[in-house]
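Coordinate-derived values only; no laboratory data. Just so you know, these numbers come straight off a predicted model, no measurement behind them. Cβ coordinates were reconstructed from backbone atoms using ideal geometry, including for glycine residues, and neighbour counts include every protein chain displayed.
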Amino acid sequence: MRELKNYIAGRWMASPKTFTKTSPFDGKPIATVHEATAEMVDEAVTKGRDVSVGKCAGEWGRKPLKERIAVIHDLGDRLLARVEDLVEADVADTGRSYWQARTFDGARAARLFRAYADAALTLEERSMAFQGEGGFQGMWYTTRRPKGVIGCISPWNVPLLMMSMKVAPALVMGNAAIAKPSEETPSSCTVLAEVIAESDLPDGVFSMVHGFGVGSAGEFLTSHQGVDAFTFTGESGTGSAIMKAAANGLREVSLELGGKNAALIFDDAEMDRVVEGVTRSAFFNCGQICFCTERAYVHRTRYDEFVGRITDVAKGIVIGDKGHNGFNIGPLVSKGHQDKVKDLLDTVAEDGGEFAAGGGIPAFGDERDGGSFIQPSVAVGLPEDARFVKQEAFGPVLHVAPFDDEDQAIALANDTGYGLATCIWTENINRAHRVAPQVRVGHAWVNSWQIRDLLSPLAAAGASGVGDQGGRLSLEFCSQPQTVTLRLFGANP
Ligand code: NAD
């Protein structure tokens, strides 16, 4: 069994307290994880402040941007050289297939470091000459300085990618990053720490603390007044707890949270594309992507056709084959999550609906029966206030319901406290542009799902998030704007 330690200010640290990480594929233990103590978190934060903003400017924070970029470029290259280890780590922790981890996680996450370093060069400053009251001449210009220590708290669904989206912009802008990976997926972040340990990043610029949320590393980090800002992805309830903790000391937050996303399938939609797209949007990564579709609203004239086709697809999805080289799904991340999704599936009959596909836990007759698998499930016939229609499952589940006109479709999509994403399926480009701004979400896909430039803005409405991330927005969040104003003497009025 692997042993995963904390990486604090350039040193690997064991803890008197450990926990066992088990495989969601077969339930077997795969790693002993050292849970960071409050003292370790304190050391990470203290050293992080020294090297980022310090009492004066820190070693990393005052380094010229181009020199920081060179270090981050090199780090990205080192990560790419370890990409198979990163893939192996995420496959072990999540039970997903190699095809998925290689195509959507490993190299994609490693490349983010180079991408963020390059994006930082495009952050132009502003300046203006002006005449002040009393007739004096002045000029101002803006700069961006590091914020200090950024707490990076990530979920388990796409472990390395989610963490890289936080750590890369934090580092390139001159901050110290303290990574707190999910307790369910500690492995790939540990490989990231190994690579950073060998890179030219000064000690303390990056630390990693393992553990849980409440009463553990997560809370030690959010309650530490030396952390200047938090970038978090996870459940809405956790986001709310982190926002409360951050309010103590007026620290900033950027929160990417849950969703209950709707696909709107109009009467003119190209059904082959819809079925291919909704198959991915509902079931990819076993439904454990924040953008996943859990509600499909279909124009009544195409409803039966769509239900029939998505049901056939759902019944045929390959489950639990790590070597399968194409669309397939693995297990849910843990037994606890399997219980949560199964409980929600069980509400379907109670609330008056039925399953067209799935609805339970698959039986394999082999070691996978010790894992956390769930069937891809399509439910129909539920009222809009049913628990299955309202609550985020974060699993491979879809409820399908008909609509009669455009306004009704939009109203149904908006009938949720969340506001993350939608997919609009129509061949009418005018309708697509008309409907998209009326759906209260941060990201609307037209005739597609998750074709995504990772530097594009990622915003959210309602319980799906606070603050924006992605590309320039993440770089701005990870830096403090400053205006420098000077008086010009002898200038022409
Ligand atoms: P989670 O909120 O349970 O945990 C996320 C992280 O927060 C973990 O590292 C956890 O240890 C830590 N944590 C938990 N409680 C904490 C506390 N009180 N203080 C500090 N840290 C704490 O989320 P999860 O179950 O890992 O992930 C699934 C959720 O993430 C889903 O709701 C999903 O929609 C959401 N998600 C959102 C996005 C997005 O971009 N909007 C992307 C991926 C996942």
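Summary table
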| read-out | value |
| --- | --- |
| Approximate spin-label separation Glu194-Val446, in nm, with each point projected 7 Å along Cα-to-Cβ | 4.6 |
| Net charge of Cβ neighbours under 11 Å - reference Ala282; Lys, Arg +1; Asp, Glu -1 | +1 |
| Neighbour-count ranking [beta-carbon atoms within 10 angstrom, fewest first] of Cys56, Cys152 | Cys56, Cys152 |
| For the chain, calculated [θ]222 nm from helices alone, where every DSSP H run of n ≥ 4 adds -39500 (n - 2.57) | -11000 deg cm²/dmol |
| Cα-projected label distance for Asn325 with Glu3, points at 7 Å along beta-carbon direction, nm | 3.9 |
| Inter-label distance for Glu39 and Ser223, nm, one decimal - labels placed 7 Å from Cα along Cα-to-Cβ | 1.7 |
| Helix axis angle, 303-316 relative to the chain longest principal axis, alpha carbon, degrees | 80 |
| Folded to 0 to 90 degrees: helix 335-350 orientation relative to the chain principal axis, Cα | 40 |
| Farthest toward positive dipole pole in the chain [+1 Lys/Arg, -1 Asp/Glu at C-beta], among Trp449, Gly462, Gly360 | Gly462 |
| Nearest 10 degrees, 0 to 90: helix 159-172 Cα axis against the chain principal axis | 20 |
| Relative contact order (percent, whole number), region 261-446, Cα cutoff 8 Å, 6+ residue spacing | 29 |
| Long-range HN-HN contacts of Gly27 with modeled amide H, under 5 Å | none |
| Which listed pairs, of Lys166/Lys340; Lys28/Lys342; Lys17/Lys63; Lys28/Lys390, have C-alpha distances above 31 Å, in listed order | Lys17/Lys63; Lys28/Lys390 |
| Only Lys, Arg (+1) and Asp, Glu (-1) charged, at Cβ; region 261-446 dipole about Cα centre in debye | 540 |
| Cβ-Cβ FRET estimate between Tyr141 and Thr103, R0 fixed at 35 Å, reported to 0.05 | 0.20 |
| Cα-based equivalent ellipsoid of region 99-225: semi-axis lengths in Å, sorted from largest, via gyration tensor | 36, 19, 13 |
| R0 of 51 Å, Cβ-Cβ distance Gln438-Val484: FRET efficiency to nearest 0.05 | 0.75 |
| Simple Cβ-charge dipole of the chain, Lys/Arg +1 and Asp/Glu -1, about Cα centre, in debye nearest 20 | 1540 |
| Stretchable slack from Lys244 to Phe212, in nm (0.36 nm times residue separation minus alpha-carbon distance) | 9.8 nm |
| Loop sites in region 104-146: chymotrypsin sites (Phe, Trp or Tyr not before Pro), DSSP, at most 16 other Cβ within 10 Å | Phe136 |
| Sorted largest first, extent of region 261-446 alpha carbons per principal axis (Å) | 51, 36, 30 |
| Loop sites in region 294-398: chymotrypsin sites (Phe, Trp or Tyr not before Pro), DSSP, at most 15 other Cβ within 10 Å | Phe364 |
| Range of Cα positions in the chain per principal axis (Å), largest first | 77, 61, 39 |
| Within the chain, longest stretch free of exposed trypsin sites (Lys or Arg not before Pro) [DSSP loop, at most 13 other beta carbons within 10 Å] | 127-451 |
| Hits among aspartates and glutamates - C-alpha to C-alpha of Lys180 under 16 Å, sequence gap 8 or more where chains match | Glu35, Glu39, Asp42, Glu43, Asp90, Asp93, Glu194, Glu219, Asp228, Glu235, Glu256 |
